[in-house]
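A short write-up of the structure that comes next.
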Amino acid sequence: MPHEELTEAQLAAVHHVDGPLLILAGPGSGKTRVVTHRIAQLLELGIPARNIIALTFTNKAADEMKRRVGLLAPLASVWMSTFHRFCARLLREYAPYVGLPENYTIYDTSDSLQALKHALDALDLDLTHTTPDRVHSAISWAKNNLITSEQYEPRRGSPLGAIVARVYPEYQKRLLESGAVDFDDLLLHTAVLLRENPEIRRRLDERYRYILVDEYQDTNLAQYTIVRAMSVDYPNLAVTGDPDQSIYGWRGANLSNILDFEHDYPNVKIVRLEQNYRSTKRILRVADRLISFNKRRKLKSLFTDNAEGRPVRLIFHPTQRDEAEQIASCIEAEVRAGRRRPRDFAVFYRTNALSRALEFALREFSIPYQMVNGLEFYQRKEIKDVVAYLHLLNNPRDNVAFTRIINTPPRGIGRGTIAKLQIHAAQRGLSLLAAARESGLIEGLNKKAAVAVAKFVAFFDHLTLSATAPVEEIIGHVLADSGYHDFLKQSEDEDDQERLANIEELLTAAREFDEMHPATGALEAFLEQAALVNDTDAWEVEDDRVTLMTVHAAKGLEFPVVFMIALEEGIFPHERSRNEEDQLEEERRLLFVGITRAREELHLSRACYRHYRGQFRPTVPSAFLMELPQEELDFQQPKTAAAVDQALSAAMSDIHCESQHGDDGIDFDPHDLEFAPRPSLPVSSEENHADFPVTLSSEEGQSEGVVAAPPFRLTTAAELAARNAEVAFSGPTPAEKISPEVFHQGMVVQHPIYGLGKIVALSGGGAKRKATVMFASGAGEKHFLLAHSPLRPATQNT
DNA sequence: TGTGAGTTGATTTTT
DNA sequence: TCAACTCACA
């Protein structure tokens, strides 16, 4: 095997055979190459493939590893899989040890949430101060930290904890009754299995003598424990990771696992891969500076022999529309000039909701794009419906599946009937399907409902006859016999026609699966597959399209040109991360990950105004921008910035500004801002003379009526006038003032921030003329001094 | 039981 | 904005 293309550091990792190995791999340092070469090396040394296992977090990563090992060692069949899939297989074998049937069902997030809601309902818990979602993630957190339902103890005085303490056991009981596990259970059950059965642990340790774990910084305690348990007698554990790229703390990933690796495995060999083969020097310096603000990390110095490259661009746009259009036109120009192809570009954003303006702009410019995510295929209602039939066939105890399909399509079996079935099932210790078989015996169930239930059971029993057929055939039976196909076909709704098309796609997937797995027992394997894949896996490098994705989804990928948008306080870093230093560091790592995806060009941007969650509001630049090395940046504030200022000023003019001393959570010194990304706030009204600087913009901690404004230096009125003279206005509000006399009672008016409203009262005259406007946006009633307000009749431009 | 209007409350999401 | 959920009515 030729290794000469590997560097010394890489070779050190590749040639390491026995004993623990920690590979600290910076972004773009050729980590996957090292791992794949190392597997090939182990095989070459005569270690049987069956003794090696490689664990990853995503199917994508596992597939990529398989592909590349396949190139180096074509005949080997090393098991490379995700943690969850590995556990799922293991549990099929050892299911009885943890109280599961062998045909257990894997619930996806929405299924398990459903099960949790049932449990909450049954216990009649008060959820006024929390949501099932939060309870769900609290349970998930507990499971990831190996806290079983029996062990769970709430923090004292925590209302959420008290609820979890009660519902967790009930939820777990229900899962077991349904013969089901959630994603976290796959890990938890496996960890418990290994902990409580030394014999099994020993066997697996011996079997998997060489273990490789990718993205180790993202492991949680459960995963750590599983790996640890299998590397006691044979501690040949090699992990790769980068603490700076840990972005899944919110899912229970524990940074300590990698930070303390040396402690847990004393004789560890550590290899640092610090040379970057991906990005330009400038991009790397920007990333390096940013991440240096984090405290919890392992110091490492990134360097590259790559070209210096162009400065990183930082652009402030007036609105998100300008942002999107500028990106689209930039891409179009590059493609048209033949310098780049669409697939060279990627746009990253913090939250999915931010993709909308981009999609719109890209369509407008006729640029092909692919969005990773959206609604995942297996999450679509129609797919979940059909798959639920399969689940119930495979595991008749699956109560979530039963509840999902009992009245889908409508069979006249409503909530009341289902509730009665549930009571009956609980009383007799039956599954819902078994209870349904006794529908005639159920107390209080009227005849019509009982007959409908009996009919369903008869249909389902008939369906069972085909359960061993190829999956495609089973689905065919489900569609035809359940009436689901006809139900959709007869529907007037256009969406339902699309649903039929999606079901066709499911049939195709099933056919392909059947071809690859001709053995019997296909149904169970198909369901496992369906539960453990997601759509990010479907992302195609080959397609010549611009890629749109969240920063999280971008991990592990790279693109010649990367745009990152909406670098604004509250969005990136996300508002929910602002209070805790740990979380803020994770946000910073997230930005680090995004930046280091770029090979040649990086464009960062922010819109001064953004439509977000139905509101049009001014924004504050992300504090992270202030941490970037300004000498590497090419900062551009568009000409229309003056227009932005004015719109902002107009918006401010009618609202009382509360001044606050000190800072409002945004902690940086304006003097550091030599490059001054500062939309400024002009003083333009008698009502707006409060003691500046006005700091606002976070929703919390502000009294009502206070509006956001960036905590920057103020432009003087004279400066503003000068700038306005230079630049024609093209922003969100018209430059010309509207005479106060134009407004009349009942008129529908437009406001740049609050949107549409209606004038409910008028008073005064001339320059003092005031209006009271009731807004539709939920902003309520506001008072305006018409001479200075940004209000205008809505009819002008709608 | 099924449906349409109104209310509410929003990250990220490997599996 | 938007989708998920509730609630009142047919």
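Each reported figure results from applying straightforward, stated rules to the coordinates on display, with no laboratory input. Predicted model only: the values in this text are computed from it and were never measured. With ideal geometry, Cβ positions are generated from the backbone for all residues, glycine too; neighbour counts draw on all protein chains shown.
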Checklist line | Separation between Cα centres of segment A:177-213 and segment A:1-57, rounded to whole Å | finding: 25 Å
Checklist line | Estimated distance in nm for a label pair at residue A:75 and residue A:427, the labels positioned 7 Å out from Cα along Cα-to-Cβ | finding: 6.7 nm
Note to self: Could you give each residue of segment A:8-25 its phi-based ³J(HN,Hα) in whole Hz, using Karplus coefficients 6.51, -1.76, 1.60 with θ = phi - 60°, and x for Gly or Pro?
What the structure shows: 4, 4, 5, 5, 4, 6, 4, 7, 5, 10, 9, x, x, 9, 10, 9, 8, 10
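What does the net charge come to around residue A:526 if you take all other residues with beta carbon closer than 10 Å to its beta carbon, with K and R at +1 and D and E at -1?
Summing Lys and Arg as +1 and Asp and Glu as -1 gives -4.
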Next item on the list: Could you give the size of the charge dipole of segment A:174-308 about its Cα centre, using +1 on the Cβ of each K and R and -1 on the Cβ of each D and E, expressed in debye and rounded to the nearest 20?
Entry: 520 debye
Notebook entry, point to check: Short version: ³J(HN,Hα) in whole Hz for each residue of segment A:223-240, in order, from phi by Karplus 6.51 cos²θ - 1.76 cosθ + 1.60 (θ = phi - 60°), x for Gly and Pro, what are they?
Noted result: 5, 4, 4, 4, 5, 4, 5, 8, 10, 8, 6, 10, x, 9, 9, 10, 10, 10
Item checked: Among A:441, A:387, A:459 - extreme Cα towards positive end, dipole of segment A:376-506, charges at beta-carbon -> A:441
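Can you pull out the trypsin sites (Lys or Arg not before Pro) in segment A:104-172 whose DSSP state is coil and whose Cβ has at most 10 other Cβ atoms within 10 Å?
A:155, A:156
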Check: For residue A:763 and residue A:455 in one chain, what is 0.36 nm times their gap in residues minus the Cα-Cα distance, to one decimal in nm?
Finding: 103.9 nm
Next item on the list: Report the full-extension gain for the segment residue A:131 to residue A:89: residue separation times 0.36 nm, less the Cα-Cα distance, to one decimal in nm.
Entry: 11.8 nm
Notebook entry, point to check: Net charge near residue A:120, counting Lys/Arg +1 and Asp/Glu -1 over other residues with Cβ under 14 Å of its Cβ?
Noted result: 0
Notebook entry, point to check: Roughly speaking, what is the centre-to-centre gap between segment A:332-386 and segment A:545-611 when only Cα atoms are used, to the nearest Å?
Noted result: 16 Å
Check: Just how far, in whole angstrom, is segment A:67-87 from segment A:121-165 if you go by their alpha carbon centroids?
Finding: 38 Å
Check: At a Förster distance of 60 Å, what's the computed FRET efficiency of residue A:491 paired with residue A:8, Cβ-Cβ distance as r, to 0.05?
Finding: 0.40
Notebook entry, point to check: Applying 1/(1 + (r/R0)^6) with R0 = 41 Å to the Cβ-Cβ distance of residue A:634 and residue A:262, what FRET efficiency is obtained, to the nearest 0.05?
Noted result: 0.50
Notebook entry, point to check: How much FRET efficiency would the formula 1/(1 + (r/R0)^6) give for residue A:63 and residue A:512, where r is the Cβ-Cβ distance and R0 is 25 Å, rounded to 0.05?
Noted result: 0.95
Check: Sequence-distant or interchain residues sharing an amide H contact under 5 Å with residue A:563, placed H: which?
Finding: A:346, A:347, A:348, A:603
Margin query: Checking the table A:117/A:447; A:31/A:298; A:31/A:295; A:281/A:555 against a 27 Å threshold on Cα-Cα, which pairs fail?
Written below: A:117/A:447
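Out of segment A:132-224, which GluC sites (Glu not before Pro) are coil in DSSP terms and have no more than 16 other C-beta atoms within 10 Å?
Within segment A:132-224, the qualifying GluC sites (Glu not before Pro) (loop, at most 16 other Cβ atoms within 10 Å) are A:150.
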Check: With Cβ to Cβ distances under 12 Å as the rule, what net charge do the other residues near residue A:238 carry (K, R +1; D, E -1)?
Finding: +2
Check: In nanometres, what is the gap between the two model label sites at residue A:44 and residue A:102, each 7 Å from Cα along Cα-to-Cβ?
Finding: 4.1 nm
